[in-house]
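**Q** After the structure tokens below, expect a handful of questions from me.
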Amino acid sequence: MVNESHSVRLTARNEGIEYVDDVDIYRFRVARIGRVWTLYLPCTKGPEFEVHELDEEEEARVLPRITKYLRTIWWFGFFPRRYTVVIERLKPRT
């Protein structure tokens with residue numbers, strides 16, 4: 001999905017989401033089982049792929065756009081599929 005202010009796309013054999021806007025680039029791990037996409041937090045941010053916890057403003061801007069993209073994906077440009085999106089926050093590794 002490409003918009004004037006942002007873009008969202010599946011990457012890496014549909015195991016990742018790349019979100020780009022005028023602020024930065026964010027990458028998320030995702031998994032799909034049946035008709036459910038799971039989006040994992042934290043994400044990475046920037047060209048160096050640094051682990052990043054989204055702040056409130058970033059969550060309000062980025063997550064709704066990604067979930068909207070994942071809810072309806074057009075496979076092969078012709079076949080719309082509807083999905084449920086779950087956001088899972090993983091505990092940081094110690």
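**Q** What list do you get for Ile25, Ile66 if you sort them by fewest beta carbons within 10 Å?
**A** Ile25, Ile66
**Q** Same structure again: Test of the criteria: in the range 19-86, which chymotrypsin sites (Phe, Trp or Tyr not before Pro) are in a DSSP loop and have at most 13 other Cβ atoms within 10 angstrom of their Cβ?
**A** The qualifying sites are Phe49, Phe76, Phe78.
**Q** Further, regarding this structure: Taking 0.36 nm per residue of separation and subtracting the Cα-Cα distance, what length does fully extending Glu57 through Glu88 add?
**A** Gain on stretching Glu57 to Glu88: 9.3 nm.
**Q** So what is the calculated 222 nm ellipticity per residue for the chain, using -39500 (n - 2.57) for each DSSP H run with n of 4 or more, over all residues, to the nearest 500 deg cm²/dmol?
**A** -5500 deg cm²/dmol
**Q** Enter the angle in degrees (range 0 to 90, nearest 10) between the Cα long axis of helix 56-71 and the first principal axis of the Cα atoms of the chain, meaning the one along which they spread out most.
**A** Here the helix axis deviates by roughly 20 degrees.
**Q** Loop only by DSSP, 10 or fewer other Cβ within 10 Å of the Cβ. Give me the GluC sites (Glu not before Pro) in the chain that pass, ordered by residue number.
**A** Glu4, Glu48
**Q** Rg to Rh for the range 6-89: what is it, with Cα atoms only and Rh by Kirkwood?
**A** In the range 6-89, Rg relative to Rh is 0.95.
**Q** Another question, if that's okay. Treat the count of other C-beta atoms within 10 Å as a stand-in for reagent exposure and order Asp24, Asp55 from fewest to most.
**A** Placing the least packed residue first, the sequence is Asp55, Asp24.
**Q** Let me ask another. Rank these for me by crowding, Arg13, Arg29, going from fewest to most other beta carbons within 10 Å.
**A** Arg13, Arg29
**Q** Considering Cα pairs under 8 angstrom that are at least six residues apart, work out the relative contact order of the chain and quote it in whole percent.
**A** That works out to 22 percent.
We did not get these values from a lab; they are worked out from the coordinates using the rules stated. Because the structure is predicted, anything quoted here is derived from the model rather than measured. Reconstructed Cβ throughout: ideal geometry from the backbone, glycine too, with neighbour counts over all protein chains shown.
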